[in-house]
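First the structure, in the form of structure tokens, and then the observations on it.
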Amino acid sequence: MLVLGIETSCDESGVALYESTTHTITHRLYSQVAMHAQYGGVVPELASRDHIHRLLPLLQELLAAEGYRRHSIDAVAYTAGPGLIGALMVGTAFGRSLALGLGVPAVAVHHLEGHLLAPMLEEPHPEFPFIALLVSGGHTLLVDVQGVGRYTLLGESLDDAAGEAFDKSAKLLGLGYPGGPKIAAAAAMGSRERWHFPRPMIDRPGLDFSFSGLKTYTLNTWQQSRQSETDRHDVAAAFEAAVVDTLAIKCRRAMEQSGYTQLVIAGGVSANQALRQRLHCEAEKGGFRLFYPRLEFCTDNGAMIAYAGYCRLAAGERADLSFTPRPRWPLAELHL
Ligand code: KG4
Ligand code: ZN
């Protein structure tokens, strides 16, 4: 089965083709980062308009490059939420209309399920059940993943998501948008020893997170410094170390509580090298295995949507013509 995946929940237009018989994936991505960077963050209206421009040319380019014709597509999977409503409407309308025109089934995919299942596109990939740390611009979740559509929420951020904290702190430090990669690059040149930022909520039981206080800590430390390049790098390093440490401590706790032997990290922040290195150390000490998607499938992309869509199509799921996008859509509401 050849499944087309379409992702437009935020500021990346992604299309992908997943061939289930051979388990192969090809994709194209257009990132709107440069357009939004001049405003210091994503402008929802501009995002929607740009998705309209990009989707069809991206799809045509992908089909031509892979030697497929439009009629080769057996099913269409599109991100139906959560995300920016206008952006979701573009992908939903595009995907649903294409499926109708081709006379093939369509399936509405939950964006976070896409992120959670993205490591399944790698070799070796995890086997169910596993614990997943989903860290993106909009979410920070620890999830017990028993199978496709079988998710138990173990913990989440009570305020800012981890990626959001990276983005906001980067802005405060004058590092620009998107903040994650900029902080990581600055931190690599800084010292983690000079300042010690708090590790929020680690002394409380449970698996919830809170990252909004770190942004205030970043601001105060930065304002009280001489604001030199060295100061900027050192604040970035102290901030990154605090986020990585906090995430690692909660992952260790989730692994101990569940008794599982596999940890998956996914979402934009899982691209962070300091986080990956730290979790590799935790995995070695704790006797569990660590999995993550290739770098290009950590941040938003069409491939994860094509694959998650395939899993649901294979289980017989179909989206009817009246399906509307859901800007808010709790992961726990999913089932198969
Ligand atoms: O998954 P994603 O592309 O979009 C959402 O679903 O939100 O995640 C984007 C987030 C942004 O906040 C970005 O700053 C963060 O992922 N990010 C990173 C890195 N690369 C992207 N954060 C830390 N380190 C990185 N290398
Ligand atoms: Zn995402």
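The values are calculated or read from the model by the stated rules, or taken from the named source; none is laboratory data. These figures come from a predicted structure and were not determined experimentally. Cβ: placed from backbone, ideal geometry, glycine included. Neighbour counts: every protein chain shown.
Residues to consider are L116, L98; find the one that is under 22 Å from S20 (Cβ atoms), of a type in the set (A, V, I, L, M, F, W, C), at pLDDT 95 or above and away from ligand 1 (no atom under 16 Å from the Cβ). Just a single option satisfies the conditions, and that option is L98.
Got at least one residue in region 250-260 being within 11 Å of ligand 1 (Cβ to nearest atom) and within 21 Å of the chain's Cα centre (by Cα)?
Of all residues in region 250-260, those within 11 Å of ligand 1 (Cβ to nearest atom) come to none.
No, every residue in region 250-260 fails to be within 11 Å of ligand 1 (Cβ to nearest atom) and within 21 Å of the chain's Cα centre (by Cα).
Could you identify the single residue in T246, T299 that is touching a Gly at 6+ places or on another chain (Cβ under 9 Å) and polar (S, T, N, Q)? It is T299. Mind checking which residues of region 36-49 are over 20 Å from the mean Cα position of the chain (by Cα) and under 13 Å from S13 (Cα atoms)? L46, R49, listed by residue number.
So if I check each of L63, L56, L29, which one is crowded, with 16+ Cβ neighbours inside 10 Å, modelled with pLDDT of 95 or more and under 20 Å from V104 (Cα atoms)? Spell out how you get there, then give the answer.
On the way: L56 fails: crowded, with 16+ Cβ neighbours inside 10 Å; L29 fails: under 20 Å from V104 (Cα atoms).
Exactly one of L63, L56, L29 is crowded, with 16+ Cβ neighbours inside 10 Å, modelled with pLDDT of 95 or more and under 20 Å from V104 (Cα atoms), namely L63.
When region 1-43 is filtered for residues that are over 18 Å from G176 (Cβ atoms), within 15 Å of ligand 2 (Cβ to nearest atom) and of a type outside the set (S, T, Y), the ones remaining, listed by number, are G5, I6, E7, G14, A16, H27, L29.
The condition of being surrounded by fewer than 18 Cβ atoms within 10 Å (Cβ to Cβ) and at pLDDT 95 or above holds for only one of C251, C281, C311, that being C281. Just one of (1) in contact with a Phe, Trp or Tyr (Cβ under 6 Å, 6 or more places away or on another chain); (2) closer than 30 Å to L17 by Cβ; (3) within 16 Å of ligand 1 (Cβ to nearest atom) trips up T140, so point out which. Only one criterion is unmet by T140, namely (2). Here is a check on your reading of the model: is A185 near ligand 1 (Cβ under 10 Å from one of its atoms), hydrophobic (A, V, I, L, M, F, W, C) and farther than 21 Å from L134 by Cα? Here the answer is yes, as A185 does meet what is asked.
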